[in-house]
Amino acid sequence: MTSKYTVIAGGVGAARFLRGLAAAVDPSGITAVVNTGDDGWINGLWVSPDLDTVTYTVSGAIDGERGWGLGDESWRVMESVGRYATVRPEGSSAANTWFNLGDRDLATHLYRTARLREGASLTALTDEIRRAWNLSLRIVPMCDEPVATLVDIVDTDGSQRRVSFQEYFVQRRHAVPVRAVHFDGATEAVPAFLAEVAAADCVVIAPSNPIVSIGPIRALAGVDAALAARRDSVVAISPIIAGAALKGPADRMLVELGHEASVVGVARLYAPICSTLVIDRRDADSVARVEAEGMRCVVADTIMSSPDVARALALTTIGAVA
Ligand code: FO1
């Protein structure tokens, strides 16, 4: 019988892990539960960055350098959008030129938006997109309802503001201090994937930002309880290596929100829901400190610089709680 794996996923790190896992086990047994707190309207289209990063990476179609969007991309539509930025009225979000939608990538956002307008759920249309890319793992959004990750920042002019995740991450290049993070709509949203958590042989928390990628999924009703109920077979991979994030602001954000930017800080966040933490070789001297937080600790190569490393990491990860 095919073993079942449920992977709690954010963007780039999760997507690379899923590509490795799909190469290591029968992909039809994998369900990726993906963060949608980064989603939003851009130029009239509903954009779901983490869902697309997972789909494109597992397909091998991602732009490997950027980590988002499609390879072999062109930007003619974005260049043309720029014309209208000059006439956009004050306060309008039309003619957005800071969030780049490539010409090929646009097809996905057009399809998603058209299907949402026809009344399809995000879960149903995400499965249609998966089928169009010939993938056999399941990719499910964390919920169908819109949940928005909002970030309280100290802006460049010194003012405190609450902005959407992409206004923080892309528009301000995450170069501003964060004071708090909120998941708007999370308490009313329904995580339809809880049965997948209960039925899986193993649940993996991917190497994603614990606050803004895994955090929105954990904020949904019943998710932490479902993970804690089967904690022995839940394993996480630390996205923090030698005190730093490979990509993005996870290290700074952890410190700004009162956590430690280290594998020990990650262990403290995950210990209630997860029995085992996979850490990188560079952190091998922290094993005892991770274990002091109540987690088993496994050391591995976690920088997924090639599909082979990702496959080996996937095998180590699932083997750690087998
Ligand atoms: N990230 C950027 O830094 N700049 C962009 O212009 C940008 C556009 C974009 C378009 C589609 C998509 O699926 C992702 C995109 N990203 C971009 C990445 C994305 O915003 C973030 O990496 C994730 O939201 C964080 O996981």
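The values are calculated or read from the model by the stated rules, or taken from the named source; none is laboratory data. Owing to the predicted nature of the structure, the values given are computational and were not obtained by experimental measurement. Please note: Cβ atoms are built from the backbone with ideal geometry, for glycine as well, and neighbour counts cover all protein chains shown. Remember, those area values only see protein heavy atoms, side chains included, never the ligands or the DNA or RNA. Shrake-Rupley method; radii C 1.70, N 1.55, O 1.52, S 1.80 Å.
Could you compute the FRET efficiency for Ala85 and Glu291, with r as their C-beta to C-beta distance and R0 at 35 Å, rounded to 0.05?
0.05
Keeping all protein chains in place, calculate the accessible area per residue for the stretch 173-322 (probe 1.4 angstrom), answer in Å².
40
Looking at the chain only, what percent of DSSP beta bridges run antiparallel? Nearest 5 please.
Expressed as a percentage, antiparallel bridges in the chain total about 40.
Give me the percent of Cα-Cα pairs in the chain that sit more than 34 Å apart, rounded to a whole number.
The share of Cα pairs beyond 34 Å in the chain comes to 19 percent.
Could you do me a favour and compute the accessible area per residue for the stretch 1-93, 1.4 Å probe, result in Å²?
It amounts to 44 Å² per residue over the stretch 1-93.
Could you order Asp232, Asp201, Asp50 by accessible surface area, starting with the largest, using a probe radius of 1.4 Å?
So, going from the largest accessible area down, we get Asp232, Asp201, Asp50.
Could you order the peptides 32-44, 307-319 from most to least packed, using the average number of other C-beta atoms within 10 Å per residue?
32-44, 307-319
Kindly express, to the nearest 10 degrees and within the range 0 to 90, the angle between helix 307-320's C-alpha long axis and the longest C-alpha principal axis of the chain.
Here the helix axis deviates by roughly 50 degrees.
In whole percent, and with a 1.4 Å probe on the protein chains, what portion of the accessible area of the chain is carbon and sulfur?
So the carbon and sulfur contribution to the accessible surface is 51 percent.
In degrees between 0 and 90, to the nearest 10, how far off the longest principal axis of the chain does helix 49-59 point, with axes built from Cα atoms?
70
Determine the dipole magnitude for the chain: charges of +1 sit on the beta-carbon of Lys and Arg, -1 on that of Asp and Glu, nothing else is charged, the reference point is the Cα centre, and the result goes in debye to the nearest 20.
160
Quick check: the angle from helix 122-132's long axis to the longest principal axis of the chain, C-alpha only, nearest 10 degrees?
90
With +1 assigned to the C-beta of every Lys and Arg and -1 to the C-beta of every Asp and Glu, and no other charges, what is the dipole magnitude of the stretch 190-322 about the Cα centre in debye, to the nearest 20?
Here the stretch 190-322 has a charge dipole of around 80 debye.
Listed highest first by mean packing, meaning other Cβ atoms within 10 Å per residue, what order do 6-17, 273-284 come in?
Highest mean packing first, the order is 6-17, 273-284.
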